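The values are calculated or read from the model by the stated rules, or taken from the named source; none is laboratory data. All values derive from a computational prediction rather than experimental measurement. Cβ: placed from backbone, ideal geometry, glycine included. Neighbour counts: every protein chain shown.
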Amino acid sequence: MNSIREWKNFLNDHKNKISLLLTLIILIFFLVQFSKFLLFIEQRQGVVLNDPILNCFNAVDLNYPIFIIVYASILFGLIYLFNYPDMFIIGLQSYILLIVFRIISMYIVPLDPPSGTIDLQDPLVFVIGTGTKITKDLFFSGHTSTIFLIFLCVKNKLLKSVFLVLAIILGILLLIQKVHYSIDVMVAPFYSYTAFKIISLLHKKYS
């Protein structure tokens, strides 16, 4: 009931209605473009980095725990943020900017998967990739950056701690499966923070 009241108050402002509509349209547009971009990079020749951390062990298949963390975090994060329309919009807009960062980064730094990787069987990425297995969506980790973005958006201190721990665990699991290079996981939070900070400052300036 509180969320309904919050959304009614939020949408009473005509500017907020326009902001929500434009955000959803732009999000859909970039998701469509990102799916096409994934197909492009999958056909492109990249380089294999010599990662001293990944060289220390053999990959372990951790698809199940990875996707439990990813999709449970996204689901509960969205449910929580839906109670706060302002932060919900900031989260969506930050995610759009995160997609832009990923497109730019992957275009500038073409990479092939790490040696000895075990493919991440992500059903959502498979669907977004129009039925093509996607293995080169590297530099930086989209899964890690998304969970870290949720951590930045939530207000509750306990939940923030939970999402931070989940982001760290997820990054470690991705490295153990050798889905990403260590640099992919390490820089992901910085991209999330940059996207979140830019959008937050824009909201503060134009509110």
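So, in the stretch 190-199, of the ones that are crowded, with 16+ Cβ neighbours inside 10 Å and not small (Gly, Ala, Ser), which residue ends up farthest from Phe140 (Cα to Cα)? Of everything passing the filter in the stretch 190-199, Ile199 is farthest from Phe140 (Cα to Cα).
For the stretch 40-91, filtered to residues that are among the charged types (D, E, K, R) and in a loop (DSSP other than H, G, I, E, B), the residue that is modelled with the lowest pLDDT is Arg44. Search the stretch 48-74 for residues being small (Gly, Ala, Ser) and touching a residue at least 40 places away in the same chain (Cβ under 8 Å), and hand back the single one that is nearest to Leu175 (Cα to Cα). Filtering the stretch 48-74 for residues that are small (Gly, Ala, Ser) and touching a residue at least 40 places away in the same chain (Cβ under 8 Å), the one nearest to Leu175 (Cα to Cα) comes out as Ala59.
With respect to the conditions (1) within 17 Å of Leu149 (Cα to Cα); (2) in contact with a Gly (Cβ under 8 Å, 6 or more places away or on another chain), Asp86 lacks only one, and its number is (2).
Only one entry in Leu159, Leu202, Leu170 is on the phi < 0 side of the Ramachandran plot, part of a helix (DSSP H, G or I) and crowded, with 22+ Cβ neighbours inside 10 Å, namely Leu170. Picking from residues in the stretch 173-198 that are among the hydroxyl-bearing types (Ser, Thr, Tyr) and either in contact with a Ser or Thr (Cβ under 8 Å, 6 or more places away or on another chain) or outside any helix (DSSP H, G or I) (or both), the one that is nearest to Leu78 (Cα to Cα) is Ser192. Checking each residue in the stretch 1-49 for being of a type in the set (A, V, I, L, M, F, W, C), farther than 26 Å from Leu202 by Cβ and surrounded by 11 or more Cβ atoms within 10 Å (Cβ to Cβ) picks out Leu38, Leu39, Phe40, Ile41, Val48, Leu49.
Does Leu152 meet the test of being surrounded by 14 or more Cβ atoms within 10 Å (Cβ to Cβ), assigned to a helix (DSSP H, G or I) and either out of contact with any strand residue (DSSP E or B) (no Cβ under 8 Å at 6 or more places or on another chain) or at pLDDT 90 or above (or both)? It is true that Leu152 is surrounded by 14 or more Cβ atoms within 10 Å (Cβ to Cβ), assigned to a helix (DSSP H, G or I) and either out of contact with any strand residue (DSSP E or B) (no Cβ under 8 Å at 6 or more places or on another chain) or at pLDDT 90 or above (or both).
Residues that are surrounded by fewer than 18 Cβ atoms within 10 Å (Cβ to Cβ), touching a His at 6+ places or on another chain (Cβ under 9 Å) and in contact (Cβ under 8 Å) with a residue 60 or more places away in the chain do occur in the stretch 75-91.
Which numbered condition trips up Met106, out of (1) in contact (Cβ under 8 Å) with a residue 60 or more places away in the chain; (2) surrounded by fewer than 18 Cβ atoms within 10 Å (Cβ to Cβ); (3) touching a helix residue (DSSP H, G or I) at 6+ places or on another chain (Cβ under 9 Å)? For Met106, the exception is condition (2).
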